[in-house]
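To start, the structure under review is shown below, and the notes come after it.
Just so it is clear, none of the values below were taken in a lab; they were calculated from the coordinates. Values in this document were obtained by computation on a predicted structure and should not be read as measured data. All Cβ positions, even for glycine, are placed from backbone atoms using ideal geometry, and neighbour counts span all protein chains on display.
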Ligand SMILES: C[S@@+](CC[C@H](N)C(=O)[O-])C[C@H]1O[C@@H](n2cnc3c(N)ncnc32)[C@H](O)[C@@H]1O
């Protein structure tokens, strides 16, 4: 289950890649836009501010995340739906998906499906974390594989493909692809801020399987390992975070 308050604790750091992504997207003239995996919708609202003439749909499968979203009649609508099943009422000029598709399986099937929702000149803009091998995730995999926790299979599997795979797949589907990767170096504050960060994302499926003292013990063990892997400095706790971006535009040449 998603927890909007936990996720938005680091909203400055988590919002930045969204704006870096949409800086590459031709939004101003777009008439129909979807934000897939839109979360609480505050970034979908930012899309609406940048594309004042567009009809925009924010789609998310979590009622908890959507509960604070604010619709604007005739312009901005939120839909509770799995993005793999949602069909827009009109063909889309732009699809944006920020920090969501890494939770969705079968990207080989997903890319052609999303491409098929776009108009002839449409644009698909995606950002996903590329931190599967970072200590946050490697330590989590190591701990959950220990029999004592009975957590085998609790981790989210790796759905995201290497960035080059998207360039090749979308080029084959008739897109021109602008792709890049960036490592942000966030400086976090607090007692164990990296633990707080992952509680909002990668740790969720694991915590969902733990209760009471087992949950507290797991958090202590994982939290100590994170403090070792991400030591606090005088200015805060640096968290390197790699992200992959692609903006694919239908190739009309
Ligand atoms: C990390 S949050 C990002 C939210 C938002 N895009 C943002 O950047 O603030 C990921 C979101 O993807 C949604 N999500 C995951 N799988 C989904 C699916 N199959 N269909 C629709 N939404 C999904 C989750 O419910 C969650 O709100």
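Under the simplified labelling scheme, the residue 227-residue 214 pair shows an inter-label distance of 2.5 nm, with each label point 7 Å from Cα along Cα→Cβ. Measuring r between the beta carbons of residue 24 and residue 158 and using R0 = 25 Å, the FRET efficiency lands at 0.50.
Principal-axis analysis of the Cα atoms of the chain puts helix 11-22 at an angle of about 30° to the longest axis.
Round to the nearest 0.05 the FRET efficiency obtained for residue 74 and residue 113 when R0 = 25 Å and r is the Cβ-Cβ distance. Provide the component values of the computation, followed by the final result.
Values: r = 27 Å, r/R0 = 1.09.
For R0 = 25 Å, the calculated efficiency reads 0.35.
Restricting the calculation to alpha carbons of the stretch 171-253 gives Rg and Dmax of 18.8, 61 angstrom. Size descriptors for the stretch 98-142: radius of gyration and Dmax over Cα atoms are 14.2, 46 Å. Separation of the stretch 31-86 from the stretch 197-253 is 25 Å, based on Cα centroids. Per-residue ellipticity at 222 nm from helix content only, as computed over the chain with -39500 (n - 2.57) for each DSSP H run of at least four residues, stands at -9500 deg cm²/dmol.
Tell me, 204, 55, 215 in order of fewest to most beta-carbon neighbours within 10 Å? Write out the running numbers ahead of the final one.
Values: 204 17, 55 20, 215 14.
Lowest to highest Cβ neighbour count: 215, 204, 55.
If you run the Gaussian network model on the chain, springs between alpha carbon atoms under 10 Å, then out of 73, 205, 105 the most flexible one is 73. Extension gain for residue 181 to residue 67 (0.36 nm times residue separation, less C-alpha to C-alpha distance): 37.9 nm. The GNM of the chain, with springs linking C-alpha atoms under 10 angstrom apart, assigns the highest mean-square fluctuation among 127, 152, 102 to 152. For the pair residue 146 and residue 5, the difference between a 0.36 nm per residue extended length and the Cα-Cα distance amounts to 47.7 nm.
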